[in-house]
Amino acid sequence: MPNFKRVIRGYEPEAVDQAWAEMDRQLSEANAANKELRLQINNLKEQNTERGNRLKDYEGIEKDLRDALLNAQRISTQMKEEAAKETEELIQSARAESKALIDEATQISESKEAEIELLLMDKKQKVIAVEEQIRELTSKKSDLQALVEQSIQHLDIVQRILRDSPTLIVEPLEGLEKGNFSNDNFSFTKNHENLEHDQ
C-alpha cells in the first residue's frame, strides 16, 4: 500500500486506511472475478471452436446424407417401377395359369361327378339287395323261432311223459313235425332265446 504524507488538515489516516483496504479488497475480488471470467471466456472460445469444427463435420455429414437420400430416392423409384412391371407380369402369368387350372379342375370335377353317380347307383342297388336279404333273413328267423317254440313244446311233452311214466320205453324220434330237426343239428333251451347251429 502506498504511504501518504501526513499534513495538517488532511484526511484522518485510519479512515483513509480503511477505505484503501476496502478498495484493495474489492479490487482483488474484481481481479479474481475477471480472471475467472477470462477462464470461462477461454473455455467458451474453445467450446465454440470445437462446436464450429463439429458443425463443419455435421454439415459434411448432412451433405453426404442428402446425397445418399437422393440416391436412395432415385433407386427406390427405379425399384418401384421394376417391381410394378414384374408384378404386372406375374399377375398376367397367374391369371393364365389360374384359368388353365380352373379348366382342368372343371373337367376333372365333371368326370368325378359321373364316377360318383355311377358309384352311388351301384351302392343303392347293393343297399336294396342287402335290405332284401335282411327281410328274407327276418322272415326265416320268424319261421325258425316258430319251429323252435313248437319243438320246445314237443320236448316238454316228452319230458312230462317220461317223468310221469319212468318205466315207459320211448323210441328215438326220427324228426319233429313240420321241422325235421334233430339234436345233432340244433340244441334248444327252455328260455326260447338261444339257438346254436352245429356246423
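Within the stretch 58-76, no residue that is at positive phi sits with its Cβ atom under 9 Å from a residue that is of a type outside the set (Gly, Ala, Ser) and open to solvent by 100 Å² or more (accessible area, probe 1.4 Å) at 6+ positions apart or across chains.
Take Arg135 and decide whether it is open to solvent by 90 Å² or more (accessible area, probe 1.4 Å), more than 48 Å from the chain's Cα centre (by Cα) and not hydrophobic (A, V, I, L, M, F, W, C). Here the answer is yes, as Arg135 does meet what is asked.
When Val16, Val7 are checked against the criterion of being open to solvent by 100 Å² or more (accessible area, probe 1.4 Å) and either of a type in the set (Asp, Glu) or modelled with pLDDT under 85 (or both), Val7 stands alone in meeting it.
The values are calculated or read from the model by the stated rules, or taken from the named source; none is laboratory data. Predicted model only: the values in this text are computed from it and were never measured. Glycine gets a Cβ as well: all are built from the backbone with ideal geometry, and neighbour counts include every protein chain shown. Remember, those area values only see protein heavy atoms, side chains included, never the ligands or the DNA or RNA. Shrake-Rupley method; radii C 1.70, N 1.55, O 1.52, S 1.80 Å.
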